[in-house]
Amino acid sequence: MVGPLDGITVVDLSTVIAGPYASQMLGDFGARIIKVEPPGGDIMRAPGPARSPGMGAAFLNCNRNKESRVLDLKNPADLVGLLALVDEADVLLHNMRPQAIGRLGLDFATLHARNPRLIHCSVVGYGQGGPYRDRPAYDDVIQAESGLADLYARTAGVPRYAPTIAADKITGLHATAAINAALLARTASGIGQAVEVPMFETMVSFLAVEHLAGRSFRPPIGPTGYDRLLAPHRRPYETHDGHLCVMPYTGRHWRAFFMAVGRPDWADDPALASNSERAAIIGTLYERLAACLPSETTVHWLDLLGRLDIPCAPVNSLDALLDDAHLNAVGMFQSMHHPTEGEIVTVRSPITFSGTPCAIGQLALALGRSDVGA
């Protein structure tokens, strides 16, 4: 069986994370991905850890299921070679600034005239309709500018970046969805289109879902920020010997927990009966929860909460995930032999299709190689 995008060809000029993460997902779905890199390679090849130069772990983890072509787009002959690929492709994906893509003659208007069925997807820092359109953009910049760093300040007192490449990867997810939507539209029209996925607007949209809050109305009926997520005691809770995630959600959950810990007065709080009233005192409920948990061990609470059917989980380290019983049962981590890197661990696509399954057909390639199978 082949993946749901079998027969689709994507020419991927993107570098770093957002574009490569998107194209890897498209490759997992069965598309043919032709990764075009400059002679020095994608800059993301460099960061370690690595066994050999140009094959760092992060590069390996977002560049499988791709062919590798080396083309110097400033060289006219190589540019002609790229255009030959684009003429036969369904999608062009890039994260160049619009001025640069225009100078190369790879803008949508020019390529649409050559290949009217082409989906031309630009992952950019900022939408081209606004005054920020020419600014450079990287993950940290967008985390700060979009309000994500400020959310940490509201809870921890100082702004921080999320310890993951959040803006890039969230933008990559949006790019994957947008490309698939454009491909679907093309089945009806027969015509491709330009797709712009700006990092800044994507992250603002992502955060606004819950955090636009009272400013969702005009005039505003309150400030920005979703109270439950910003409550000071919403965090992994300290137990007698560690930490634990506990998520009582319904009134029944809260009443059952408070009765189990010998606080019938809290269990009888009339606010627990109403979703809106419970939400209004959520900070107080989290504070009560935090006060209870240090008295017993993590294992004790996991057992009790499990019997009460209250959502809970241990606070796993990243290392612990490699030994997680559920992840191992579903084959999330797969040990594979890479012809140049030896044995590596790769993470399969989390998505399953009953009739058109995802597959790892090719591991991330050394620069310019096209003969490395999984």
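Each value in this text was obtained by applying a stated rule to the coordinates, not by laboratory testing. Computed from a predicted model, the values in this text were never measured in an experiment. Virtual Cβ from ideal backbone geometry, glycine too; neighbours counted across all protein chains shown.
To the nearest 20 Debye, how big is the dipole of segment 237-314 about its Cα centre, given +1 on the beta carbon of each Lys and Arg and -1 on that of each Asp and Glu?
Details: 6 positive and 10 negative charges, 41 e Å.
Computed about the Cα centre, the dipole is about 200 debye.
Of 316, 156, 187, which is farthest along the charge dipole of the chain in the positive direction, counting Lys and Arg as +1 and Asp and Glu as -1 at C-beta?
Final value for the positive-end residue is 187.
Go ahead and run the numbers for FRET between residue 321 and residue 152, Cβ-Cβ distance against an R0 of 25 Å, rounding to 0.05.
For residue 321 and residue 152, the calculated efficiency is 0.60.
Using the per-residue mean of other Cβ atoms lying within 10 Å as a proxy for protection, in what order, highest first, do the peptides 348-361, 115-128 fall? Kindly include the intermediate steps, with their values, before the conclusion.
Numbers: 348-361: 13.6, 115-128: 20.6.
Packing order, densest peptide first, comes out as 115-128, 348-361.
When a footprinting reagent is the concern and you count Cβ atoms within 10 Å, what order do 200, 333, 206 take, fewest first? All intermediate terms of the calculation are to be shown ahead of the outcome.
On the way: 200 21, 333 15, 206 18.
Arranged by neighbour count, lowest to highest, 200, 333, 206 become 333, 206, 200.
Helix-only estimate, please: 222 nm mean residue ellipticity of the chain, summing -39500 (n - 2.57) across DSSP H runs of length 4 or more and dividing by its residues, to the nearest 500. Before the final figure, lay out each step's value.
On the way: 17 runs with 147 residues, N = 374.
Roughly -11000 deg cm²/dmol at 222 nm, from the helical runs in the chain.
Please list 143-150, 216-223, 102-109, 336-343 highest first by mean number of surrounding beta-carbon atoms within 10 Å per residue.
143-150, 102-109, 336-343, 216-223
If a/c stays under 1.5 just call it rounded; otherwise compare a/b with b/c (prolate if a/b is bigger, oblate if not). Do that for segment 53-152, with a ≥ b ≥ c from the square roots of the Cα gyration tensor eigenvalues. Each step should come with its number before you reach the end.
On the way: a/c = 2.19, a/b = 1.36, b/c = 1.60.
It comes out oblate by the Cα gyration axes.
Residues with beta-carbon under 11 Å from that of residue 52, excluding residue 52: net charge, scoring Lys, Arg +1 and Asp, Glu -1?
Charge balance in the 11 Å sphere: +1.
What residues qualify as long-range amide H neighbours of residue 195, i.e. H under 5 Å apart, gap of 5 or more or another chain, H built at 1.01 Å from N?
The list, which skips near neighbours in sequence, is 120, 121, 122.
Specify the angular offset, from 0 to 90 degrees and rounded to the nearest 10, of the alpha carbon long axis of helix 282-292 from the longest principal axis of the alpha carbons in the chain.
Between the helix axis and the principal axis of the chain, the angle is about 70 degrees.
Students often forget the sequence filter, so: which aspartates and glutamates lie under 18 Å Cα-Cα from residue 74 once same-chain residues fewer than 8 apart are removed?
Those aspartates and glutamates meeting the cut-off are 12, 37, 42, 107.
Let a ≥ b ≥ c be the square roots of the eigenvalues of the Cα gyration tensor of segment 153-219; is it rounded (a/c under 1.5), or, if not, prolate (a/b larger than b/c) or oblate?
Working: a/c = 4.07, a/b = 1.86, b/c = 2.19.
Oblate, since a/c reaches 1.5 and b/c is not below a/b.
Convex hull over the Cα atoms of segment 237-314, averaged projected area in nm²?
Computing the convex hull of the Cα atoms and averaging its projections yields 4.4 nm².
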